[in-house]
Structures are given as C-alpha cells and as structure tokens.
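To start, the structure itself, in structure tokens.
The values are calculated or read from the model by the stated rules, or taken from the named source; none is laboratory data. Note that the structure is predicted; figures quoted are calculated from it, not measured. Because the Cβ atoms are built from the backbone with ideal geometry, glycine has one as well, and the counts that use them run over all protein chains shown. When the accessible area is computed, the model is the full protein with side chains, heavy atoms only, and any ligands, DNA or RNA have been set aside. Shrake-Rupley method; radii C 1.70, N 1.55, O 1.52, S 1.80 Å.
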Amino acid sequence: PDGATACVANEEDGTITPIALGEAAARPPIRTGNRPYAVAVTPDSSTALVANEGDGTVSPVYLAAARAEPPIRVGTSPVAIAIAPNGAAAYVVNRGDATVTPIGIATRVPGRPVRTGRRPVAIAITPDGSAAYVANHGDGTITPIDLATGIPGRPIRVGNRPWSVA
C-alpha cells in the first residue's frame, strides 16, 4: 500500500529500520533506546512505538522525519507492544514486573499499569479494540484485559510456556 511502513527492531544496534512497503526498500536506521525489542506502527504509518527492553522505555519515532522523540518510561523489561485498531493507544508488555502499560499515542502519557500473569511476553488486541490478551510465559496462562476499564479478567489456562498470541 502507498505510504505504508513496517519497521524492524535491531536489538543489538539500538535502532529500528523502517521499510517502505510500496517500494520494498529499507530506509536508514533510526536510533532509539537501549535494546529495542519490539516495535508497532500506528494504523496511519506515521509513528512507530519501540519497546526498549534495556532501559524500560518506549521510543516514539516520527517515521516521515526519521526522528525519535524523548522516550516514555514504562515498566521493567518491555518486550512486546500492540496498538489499538483506532490508533489512540499503545499497550506495552513489561516482562520484568508482570504488567501492561497503556500509553496515549497523542499525549505520550503512560497510564496505570495492569497486572498480568508471570513473565508476560506477548499481546494481541481484538479487532474491535475492546480487549487485549497477554501471553504469560511463566505460568501457562493468557490474561484478558478489558481495555475500556483497564481491569484484567480471570487468567485462561493454556499450554506450557506460551510465547505468542494472535
């Protein structure tokens, strides 16, 4: 699609590499935080949000300007990030403190962290944006979260050591 951008997190380099999908071409890398581990792009392809595991932050990156903005402090060891379908909020999985931190994309303000199970590692948001599901590697569960209230539901038992969720 014209104007669509994907991004690759380069953990050891401390950068992301934007890819212009219409051209199938990589752009120059953009420096982010310490150990960028996961990246999500807003639905309009204007902004990438990068979870920096090494420093407990999320770096907003304006893709057209190829510029990272000041990092947003979240929890310990952020390892996954998902953006609501409407582009209003991002949800960051913090493996180190077993939480998910919501961030208002327009305001860049983190909200109150939501408790999950042990060692959360992945997140998926429903197509209607009403709920998130977090894979908890450490206890074999998925934590549902009502995104309107920020309240976690009863954990769902799944297989041993779940690693991803879609």
Expected output for region 64-84 (first residue in contact (Cβ under 8 Å) with a residue 60 or more places away in the chain, partner in a strand (DSSP E or B) and not basic (Lys, Arg), Cβ below 8 Å, 6+ apart or cross-chain) is Ala84/Ala90; Ala84/Tyr91; Ala84/Ile125
Picked from region 93-102 (must be among the β-branched types (Val, Ile, Thr) and more than 20 Å from Pro127 (Cβ to Cβ)), the residue nearest to the chain's Cα centre (by Cα) is Thr101
Scanning region 113-132 for residues that are in contact with a strand residue (DSSP E or B) (Cβ under 8 Å, 6 or more places away or on another chain) and outside any strand (DSSP E or B), the one surrounded by the most Cβ atoms within 10 Å (Cβ to Cβ) turns out to be Thr116
Residue set Thr47, Thr32, Thr5, Thr17; condition in contact with a Gly (Cβ under 7 Å, 6 or more places away or on another chain) and not aromatic (Phe, Trp, Tyr); output residue Thr32
Condition check for Gly140: without any contact (Cβ under 8 Å) to a residue 24 or more places away in the chain, open to solvent by less than 30 Å² (accessible area, probe 1.4 Å) and over 19 Å from Val39 (Cβ atoms):
yes
Taking region 54-66 and keeping only residues that are open to solvent by 10 Å² or more (accessible area, probe 1.4 Å) and touching a Pro at 6+ places or on another chain (Cβ under 6 Å), one is left with Leu63
Q. Within region 69-87, can one find any residue that is open to solvent by 30 Å² or more (accessible area, probe 1.4 Å), charged (D, E, K, R), farther than 30 Å from Pro28 by Cβ and out of contact with any helix residue (DSSP H, G or I) (no Cβ under 9 Å at 6 or more places or on another chain)?
A. no
Of (1) in contact with a Ser or Thr (Cβ under 9 Å, 6 or more places away or on another chain); (2) of a type outside the set (A, V, I, L, M); (3) touching a residue at least 24 places away in the same chain (Cβ under 8 Å), Pro127 satisfies every one except (1)
